[in-house]
Amino acid sequence: TMLGNIACCVNYLWAGTANLLFLLIYNKLRKQQGLQSFWVSVGCGIVGVILGSLQESFSVPIAGALFIYYCFNYKQFHGAIAWLIMGYWLGAMILVLAPGNFVRLDAVSVNAGNWLIHKIANVFRIMRDSYLLLFAILIHLVLFFINKTRILDFICKYRYNYLAIIISITFSIYVYMGEHQLFFLGILLITLIMRFSFEYKRIEDYVKVIVA
């Protein structure tokens, strides 16, 4: 319906645009040299809280991937970029721990005996509803058999993209209610597939084993 489409656009499309803004600010701060002023840092923190509190399908994978990244790269965690990320984490926590989410979770909860079966069923539902995920898995399998070393290098190079995808899938398995929750996963997978197209520019890279 029209109202349903409007709700989806507001909840996901605009939230996606806002989170893209967050990533642009984050990348710009990473590239800048030197420390920003105190007020710039505070402003980044406020922006982080606002953007992190918009939509959990975006916030949870991004916040989780950033958390794990800075566990291993904590020396880079300083200045305005630290304010921005801590604000984003705070916004994500406020969003996830909001009372309304627990009401929604109760609506789809199952008893303890069926919990595992329900989560396994969610895996198959996600596979059914995300053709991009199936396509990405197929590409990985094909390239693995063609050139294992190269695909492993690709995964290592974009490991935090993969980490965000894994977190997104895991989160969706736990709270899955419909394919609309896979919007950000789709964006991540499209980005990954586009990276494939840049890394494997020539068609020979895909079929060199068959040609040989």
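The values are calculated or read from the model by the stated rules, or taken from the named source; none is laboratory data. Everything quoted here is computed from the prediction, not taken from an experiment. For neighbour counting, all protein chains shown are included, and Cβ atoms are generated from backbone atoms with ideal geometry for every residue, glycine included. Quick note on the areas: whole protein, heavy atoms, side chains included, nothing else; ligands and nucleic acids left out. Shrake-Rupley method; radii C 1.70, N 1.55, O 1.52, S 1.80 Å.
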Point to revise | Set K28/K157; K28/K75; K119/K148; K119/K157; K75/K157 screened for pairs whose C-alpha atoms are more than 22 Å apart | key: K119/K148; K119/K157
Review point. For S197, S172, what's the largest-to-smallest order of accessible area, 1.4 Å probe?
Key: S197, S172
Practice item. Grab the Cα-Cα distance for H180 and V142, subtract it from 0.36 nm times how many residues apart they are, and report the gain in nm with one decimal. Key: 10.8 nm
Review point. Say R0 is 22 Å: what FRET efficiency, to the nearest 0.05, do M127 and R195 get from their beta-carbon distance?
Key: 0.50
Revision key, fill the gap. Surrounding charge for Q181, neighbours by C-beta under 10 angstrom, Lys/Arg +1, Asp/Glu -1, total -3
Practice item. Keeping all protein chains in position, work out how much accessible area V142 exposes to a 1.4 Å probe, and write it in Å² to the nearest 10. Key: 70 Å²
Practice item. Please calculate the 1.4 Å probe accessible area of W83, with all protein chains present, and give it to the nearest 10 Å². Key: 100 Å²
Practice item. Report R195's accessible area, 1.4 Å probe, all protein chains in place, as a number in Å² to the nearest 10. Key: 80 Å²
Exercise for review: Provide the gained length on full extension for the span R150 to Y162, in nm with one decimal, where the gain is 0.36 nm per separating residue minus the Cα-Cα distance.
Suggested key: 2.7 nm
Practice item. With a 1.4 Å probe and all protein chains in place, put Y12, Y131 in order of accessible area, largest first. Key: Y131, Y12
Review point. So what is the relative contact order for the stretch 36-100, in percent, with contacts set as C-alpha pairs under 8 Å and at least six apart?
Key: 56 percent
**Study point:** Derived scalar couplings ³J(HN,Hα) [the stretch 114-129; Karplus, 6.51 cos²θ - 1.76 cosθ + 1.60; whole Hz; x for Gly, Pro]
**Key:** 9, 4, 5, 4, 5, 5, 5, 4, 5, 4, 5, 5, 5, 4, 5, 8
